[in-house]
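The values are calculated or read from the model by the stated rules, or taken from the named source; none is laboratory data. The structure presented is a predicted model; accordingly, all values stated were derived computationally and were not measured. Cβ placement follows ideal geometry from the backbone for every residue including glycine, while neighbour counts extend to all protein chains displayed.
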Amino acid sequence: MLIKQLPPQLINQIAAGEVIERPASAVKELVENSLDAGATQILIEIEEGGSRLIRVTDNGLGIAKVDLELALSRHATSKIGSLHDLESVLSFGFRGEALPSMSSVSRLTLTSRQESDNAGWSVKADGTEKELDPVPTAHPIGTCVELRDLFYNTPARRKFLKTEKTEFGHIETVLKRMALSRFDTGFNLRHNQRQIMDLKPALSNAEKSERVGLLCGDGFVHESLEVDVANGDLGLQGWVGLPTYSRSQADMQFFYVNGRLIRDKLINHAVRLAYQDVLFHGRHPVYVLYLSIDPRLVDVNAHPAKLEVRFRESKAVHDFVYRRIKQLLTDVRPSDHHAVKT
Ligand code: ADP
Ligand code: MG
């Protein structure tokens, strides 16, 4: 066997296989980029479950004309520059892989305008053909990334796409999760030109409750306890459902670490344990919780598409979450429910 260096296009396609599993993963990456760019309003337009079109438009900081080409190159990022930065990273992205991966498995157009620019600039890449010399384009301040015909040149991947309805369902799930963590941002989702979700930025507590109600059900808002506790470096906020508002499936459990949704055995265990004495067997609690922690005490550099993190002091985190929720649930007796909710 002769050893050969793989061509860049193939390297990108292999990477894309890991990062972009389906349309919803592309949506996640694009919206995370918008959030990292400080956007307060994000428009997500989808056609045919994302297989025909995914277009994400934001009002964030934009990309400089000279950086447009670099944004599409592998391992090029504005978010970290050193190992030290990586250890305290708070942005969603930092690998510089999403845009090049997507450009290798779709027809991608990137258009952006910064505040100091008079017009927008646009570049295109579609796997084989590239137009990396920026072309002037009318555009408001912010960025628009358009992906057409996702996986058109990777038939094996395209074949695995499910129905339009299923793929769109995944996209909706991804957006709900993000909308629950970024109340300050407006999210507007359209599918085949139909408005599906239009969430205005939620700044007051009343507006936040309204958003939670829209995403998790009004019942949850009325039958939950507010969490707001801290202990040194650790803070825990959000809502935990009363035992009376449990579900038969564990499908309404959201746990964010520094704004990033995670799934973690340790955290699951801590919450489950807190509810152990108050929930019937086979019932699952509903919760939306936000843990804030010194970013140096948590490693987010796990697999890009997976929701895993590693806590440096996992026992301390476990005990904190367990004790605080248990305390809340113990303090409230059935007759207090209404007194607790304001
Ligand atoms: P990463 O997010 O890991 O840095 P990406 O491939 O997703 O890598 O994006 C590459 C770079 O392009 C980012 O670091 C950022 O500088 C720029 N970029 C991408 N999307 C946006 C956006 N919506 N607004 C502003 N800059 C963006
Ligand atoms: Mg990114």
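Brief remarks follow.
- Residue in segment 61-77 that is at pLDDT 90 or above, more than 9 Å from ligand 1 (Cβ to nearest atom) and of a type in the set (Lys, Arg) present: yes
- Selection over segment 20-38 of residues that are among the small types (Gly, Ala, Ser), near ligand 1 (Cβ under 9 Å from one of its atoms) and within 16 Å of Glu167 (Cα to Cα) gives a count of 0.
- Some residue of segment 98-121 being within 14 Å of ligand 2 (Cβ to nearest atom), under 28 Å from Pro201 (Cα atoms) and without any contact (Cβ under 8 Å) to a residue 24 or more places away in the chain: no
- Unique residue being outside any helix (DSSP H, G or I), in contact with a helix residue (DSSP H, G or I) (Cβ under 6 Å, 6 or more places away or on another chain) and not assigned by TED's automatic domain parsing to the domain that holds Asp294 when the list is Val27, Val89, Val56: Val56
- Residue tally, condition within 10 Å of ligand 2 (Cβ to nearest atom) and either within 13 Å of the chain's Cα centre (by Cα) or buried (at least 24 other Cβ atoms within 10 Å of the Cβ) (or both), over segment 25-44: 9
- Considering (1) under 20 Å from Ser73 (Cβ atoms); (2) out of contact with any strand residue (DSSP E or B) (no Cβ under 7 Å at 6 or more places or on another chain), the lone condition that Phe160 does not fulfil carries the number (1).
- Residue match in segment 2-16 (condition: at pLDDT 95 or above, within 15 Å of ligand 2 (Cβ to nearest atom) and either part of a helix (DSSP H, G or I) or in contact with a Pro (Cβ under 7 Å, 6 or more places away or on another chain) (or both)): no
- Selection within segment 93-109 - under 17 Å from Asp58 (Cβ atoms) and either part of a helix (DSSP H, G or I) or out of contact with any Leu (no Cβ under 6 Å at 6 or more places or on another chain) (or both): Gly93, Ala98, Leu99, Met102, Thr109
- Cβ separations smaller than 8 Å between residues 6+ apart or across chains give the following pairs from segment 147-173 residues that are on the phi > 0 side of the Ramachandran plot to residues that are polar (S, T, N, Q): Asp149/Ser51; Asp149/Ser106; Phe151/Ser51; Phe151/Ser106.
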